[in-house]
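**Q** Okay, handing you the structure first.
The values are calculated or read from the model by the stated rules, or taken from the named source; none is laboratory data. These numbers come from a predicted model, not from an experiment. Virtual Cβ from ideal backbone geometry, glycine too; neighbours counted across all protein chains shown. What goes into the accessible areas is simple: the full protein's heavy atoms, side chains included, and nothing from ligands, DNA or RNA. Shrake-Rupley method; radii C 1.70, N 1.55, O 1.52, S 1.80 Å.
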Amino acid sequence: MTSSTAKPLAANRAPPLLGRIRIPGDKSISHRALIFGALATGTTRVRGLLEAEDVINTGRAVAALGASVEKRGDVWEIKGRGPGGLRQCAEPLDFGNSGTGARLMMGVIAGHPMTVEMTGDPSLSRRPMRRVLAPLMQMGLDVVETGKETLPLTLRGTNELVPIIYPLPVPSAQVKSAVLLAGLHAAGETTVIEHEATRDHTERMLRHFGADVRIVDKDGTRHITIRGDAELSGRDIDVPSDPSSAAFLAAAALIVPGSDLTIEGVLINPTRTGLYLTLQEMGGNVTFLNERDAGGEPVADIRIRASKLKGVDVPAERAPSMIDEYPVLAAIAAFAHGPTRMDGLAELKVKESDRLAATATGLAANGIKARVSGDTLIVEGEGRVPGGGLVATHLDHRIAMSFLTAGLASEKPIVVDDTEMIATSFPEFRGLLENLGVKFEEPRAQ
Ligand code: S3P
C-alpha cells in the first residue's frame, strides 16, 4: 500500500561520504517534550525539537487540548496547564502515522474528564491499541466503541483514575509511557514492571519536570513507580540528535567505500544504542567521541569509517535497544560477509508496517538471500548487493530510508515505491545525503 500521491525514488551508487554533519532532534524525546510541557505548570522551552510530521501532530494535539505551543526563533515554547488541566476539544485529534503520539496521548486523555476522538492514517489505523487500552481501562478509561481496538476511537477519561501495578506483556516504551502518564493523574502510586529495559526517556523527563519517579531493579526486572497527583514544572529541554535517524547515515558511511563521516551530538542513551554495538561487533569502524551530558541524556559525536563487515548473531535481548533499526541493519548485513541472524523480532511485525515481512521482501527484490523463521530474520551477506529491485514501502518511513541507503552501494540502483512518509520522522534525509554528494533520481511514472 502506498499513499495516493506516492513519490518513488531511486538511489544510485554514492561517492565517499566525508565530513561532519548534524541531524535533527530525537523523535521520542520531541514527542515527550511537547506532552510533558503541556502537562506542566509554567513554560517549557525546547531547543532542537524534531520538526517532522509525527511530532507536529503531537504539538497540534496538545494545543487543541488547551496548551499553548509556539515557535519563537529556534525555540519551541509550551505553556502548560498542569496535570489534569487540559480541556476537551471539539475536533478529533489526528495523529497521522505516529504510534508514539497516539499511544502516549491515550495515557494523558485517560486522566482527564473529557471525551476525545482519536484518528490516524491507514498505517496507524491498523496498529494494535489493545496493549495500551487494556491497562488504561483497568485504571478507569472508557472506550466508547466497546470492544474496538484500532483507531479511530473515542476515549472517555476521568479525574478518578485508580493506580495499578502493571507487568508489561510486551517490551514497549509506548505502553510503559502511557501507563506512567495515566499514573501521573491517579491518586496513589502506579508501578510498571519491565522484563526487558525499553527506552527510558519518559522516566528521565518526568524526573526532569519534578515528578516523583522511583526505579528499582528486582530479580532481573525493572519496577518503575510514579506517585500520582504530582506537580510538574515547566523546564528547558535540549533535544539531542536522533540515533535512529543517524543510523541511516552511519549505515551509508559503512558501506560506501572511502567514507569517513562524523555525526555530531547524537543521543547515546544505552536503551537506544543496540545498533551501534552490533555494527562494532560486525567489524564496523564506529567510535563515540566527545561523550557528554545534554540535559539529562548522554550524547556523543559518532565517527564512522567505511569498513569490511562480517555477519553476526544479534541476540533477542538486544531488540528493545534497536527495535527501529532492524530494517537498516538487514540492509547493512547484506553487504557483510556471512550470515547475520537477528532473533526476537516479534515487535517488528506491528510497527508502521509489518517490518519483518517488508524487509525480507525488499531484500529478495534486490537479489539478497534472506529468510524469516518465526521471529528471526537471517540475511546471507555476500559482500555485495545486486540491487535493481523495486521496494514496497507500505507507508513506512524506515523501510523507505533503509533501502535507499542500501542503494548507495548496490551494483544497480534500488527504487523505493514511495518517499512521502519520510517526512514523518526525517524530512532532511534526502537533502543531507545530497549535500554529501549522493544522487537520487525520481523515476518516471510507468
Ligand atoms: C517509541 C517506542 C518504540 C519505537 C517507536 C518510538 C517511543 O515503540 O518503535 O519508534 O518513543 O516510546 P514500542 O514502544 O511500540 O516498542
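**Q** In the calculated pair distance distribution of region 174-227, what percentage of Cα-Cα distances lie above 13 Å?
**A** 53
**Q** Count the net charge of all other residues whose Cβ sits under 12 Å from the Cβ of Ala253, scoring Lys and Arg as +1 and Asp and Glu as -1.
**A** Its environment carries a net charge of +2.
**Q** What do you get for Rg/Rh of region 27-230 when both radii come from the Cα atoms and Rh is the Kirkwood radius?
**A** Taking Rg over the Kirkwood Rh, I get 0.93.
**Q** Could I ask something else about it? In debye to the nearest 20, how big a dipole does the chain give about its Cα centre with +1 on each Lys and Arg Cβ and -1 on each Asp and Glu Cβ?
**A** So the dipole magnitude of the chain works out to roughly 360 debye.
**Q** Please give me the summed charge of the neighbours of Glu434: other residues whose Cβ is under 14 Å from its Cβ, Lys and Arg +1, Asp and Glu -1.
**A** Overall, the nearby charge balance is -1.
**Q** Report the relative contact order of the chain, percent, no decimals, based on alpha-carbon pairs under 8 angstrom and at least 6 residues apart.
**A** Across the chain, relative contact order equals 20 percent.
**Q** Evaluate the Debye formula for region 246-354 with equal point scatterers sitting on the alpha carbons, no solvent, and hand back log10 of I(q)/I(0) at q = 0.16, 0.18, 0.19, 0.21 Å⁻¹, in q order, two decimals.
**A** -0.71, -0.89, -0.98, -1.15
**Q** Keeping every protein chain present and rolling a 1.4 Å probe, give me the accessible area per residue for the chain in Å².
**A** 36
**Q** What is the local net charge at Asn285, summed over the other residues whose Cβ is closer than 14 Å to its Cβ (Lys, Arg +1; Asp, Glu -1)?
**A** +2
**Q** Separate question: Based on Cα coordinates alone, diagonalise the gyration tensor for the chain, multiply each eigenvalue by 5, take square roots, and list the semi-axes in whole Å, largest first.
**A** 36, 22, 21
**Q** Under 5 Å between amide hydrogens, which residues at least 5 positions from Thr158 or on another chain qualify, with H placed 1.01 Å from N in the peptide plane?
**A** Gly111, His112, Met114
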